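One structure below.
The values are calculated or read from the model by the stated rules, or taken from the named source; none is laboratory data. These numbers were taken from a predicted model, which means no experiment stands behind them. Don't worry about glycine lacking a Cβ; one is built from the backbone with ideal geometry, like all the others, and counts go over all protein chains shown. Remember, those area values only see protein heavy atoms, side chains included, never the ligands or the DNA or RNA. Shrake-Rupley method; radii C 1.70, N 1.55, O 1.52, S 1.80 Å.
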Amino acid sequence: MRALTVAPGIAHSGRLEDVADPPRSDGTVLVRTLALGVCGTDREIVAGRYGWAPPGERRLVIGHESLGTVQEAPADGGVKAGDLVVGIVRRPDPVPCPACAVGEWDMCRNGRYTERGIKERHGYGAEYFRIEHDFVIKVDPSLGIAGVLIEPTSVVAKAWDHAERIGHRSRSWQPKTLLVTGAGPVGLLAVLMGAQRGLEVHVLDHNESLTKRRLISALGAIYHAEGLENLTGFKPDILMECTGAPGVVRDVLGHTAPGGIVCLVGVTAPGHDFDLDIGLLNRTMVLDNDTVFGTVNANRSHYEMAGEALQRADKAWLNRLITRREPAAQWTKALERQPDDIKVIVDFS
Ligand code: BGC
């Protein structure tokens, strides 16, 4: 079968090649791939800056934002042939740590987790993949191709889950405003889930984009194509930082209302020093009971939250997030940024 592979650590080593059929050791559920979403992590892997092949191998089948149709499954596996499904990305560490032991692999404590298409496990970027029945998520057929958004939405769902748990440390917590920095796919999905919670939502993005402006206003949210310094006086109750841009991360710290919550979702490369008045930041955060937290990955409950959020969303709006499809034969093109791209998918159908 054809698969999208890379040699982790080596830039631009991506190719489409014939590989062996998925081994049964990957799981009893056989899935035919329909589409694969690509994200910043895939770009990092293809650039040779992230990613690990399985032990003893040099190449990794890339792809962690999956969507496919079940071809075969055990009778008691919870899914059956014909079902639309996505695969969970992370697998618990082998120890397991206390978090992985209770199914919270997204909170792994020893870093020995593995991730399909990212860390030491082949991904979903192949014509077929196999998966364990308890790492499959059934997708409502009405979502269609938008089901490929479940994985990125699961990451956002975890961010919401944790932000709300933190908020409820105070019995009086009633957030009203949300600021999302970055209107990429993760930012837009954070906006969607904020709007579903009835919040007044503002979105900051450094580029003016009519497509994004329309998507954001369709949710009743407000788009600002400018820097945080221009939003003087606006201090949101919740701030979701989805750019991973070091300058934006610095600017969002201490920028919330008292009791505010800053959630860092975007991953940053090391090596960016900034001047920061830590004394002022600390005083603000202490006196205002502010929180800053980071979040990554998702466990099964977050995939379920994601499925529900997408189910409640306007399907036409979701489909508009998928702005480009590239055939598998040209998959590396999917990783080249083009103006107005939001979610680009590799089409296996
Ligand atoms: C994926 C996560 C993963 C993270 C770090 C993200 O792109 O969506 O599932 O945990 O990369 O590898």
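Candidates are the residues of the range 284-309 that are more than 20 Å from G167 (Cα to Cα) and open to solvent by 60 Å² or more (accessible area, probe 1.4 Å); the one that is farthest from the ligand (Cβ to nearest atom) is E308.
Going through T181, T211, T177 one at a time, which residue ends up being in contact (Cβ under 8 Å) with a residue 60 or more places away in the chain, over 25 Å from P246 (Cα atoms) and of a type in the set (S, T, N, Q)? Among T181, T211, T177, only T211 is in contact (Cβ under 8 Å) with a residue 60 or more places away in the chain, over 25 Å from P246 (Cα atoms) and of a type in the set (S, T, N, Q).
Give R109, R90 a once-over and let me know the one that is surrounded by fewer than 17 Cβ atoms within 10 Å (Cβ to Cβ), among the charged types (D, E, K, R) and at pLDDT 95 or above. Don't jump to the end; show me each part of the working.
Numbers: R90 fails: surrounded by fewer than 17 Cβ atoms within 10 Å (Cβ to Cβ).
That would be R109, the only listed residue that is surrounded by fewer than 17 Cβ atoms within 10 Å (Cβ to Cβ), among the charged types (D, E, K, R) and at pLDDT 95 or above.
When the range 28-37 is limited to residues that are closer than 21 Å to P327 by Cβ and touching a Phe, Trp or Tyr at 6+ places or on another chain (Cβ under 9 Å), the one that is farthest from the ligand (Cβ to nearest atom) turns out to be R32.
Go over the candidates E200, E132 one by one and state the one that is more than 15 Å from the chain's Cα centre (by Cα) and closer than 23 Å to V248 by Cα. Lay out the reasoning, then the answer.
Numbers: E132 fails: closer than 23 Å to V248 by Cα.
Only one candidate qualifies: E200.
Examine the range 38-52 for a residue that is in a strand (DSSP E or B), modelled with pLDDT of 95 or more and either within 12 Å of the ligand (Cβ to nearest atom) or exposed (fewer than 15 other Cβ atoms within 10 Å of the Cβ) (or both), and state whether such a residue exists. Outline the logic, then answer.
The first filter runs over the range 38-52 and keeps only residues in a strand (DSSP E or B), leaving 52.
Subsequent filtering for residues that are modelled with pLDDT of 95 or more retains 52.
Subsequent filtering for residues that are either within 12 Å of the ligand (Cβ to nearest atom) or exposed (fewer than 15 other Cβ atoms within 10 Å of the Cβ) (or both) retains 52.
Among the residues of the range 38-52, at least one is in a strand (DSSP E or B), modelled with pLDDT of 95 or more and either within 12 Å of the ligand (Cβ to nearest atom) or exposed (fewer than 15 other Cβ atoms within 10 Å of the Cβ) (or both), which makes the answer yes.
For the range 280-330, the tally of residues that are in contact with a Phe, Trp or Tyr (Cβ under 8 Å, 6 or more places away or on another chain) and of a type in the set (G, A, S) stands at 1.
When G103, G78 are checked against the criterion of being more than 21 Å from L149 (Cα to Cα), modelled with pLDDT under 95 and away from the ligand (no atom under 15 Å from the Cβ), G78 stands alone in meeting it.
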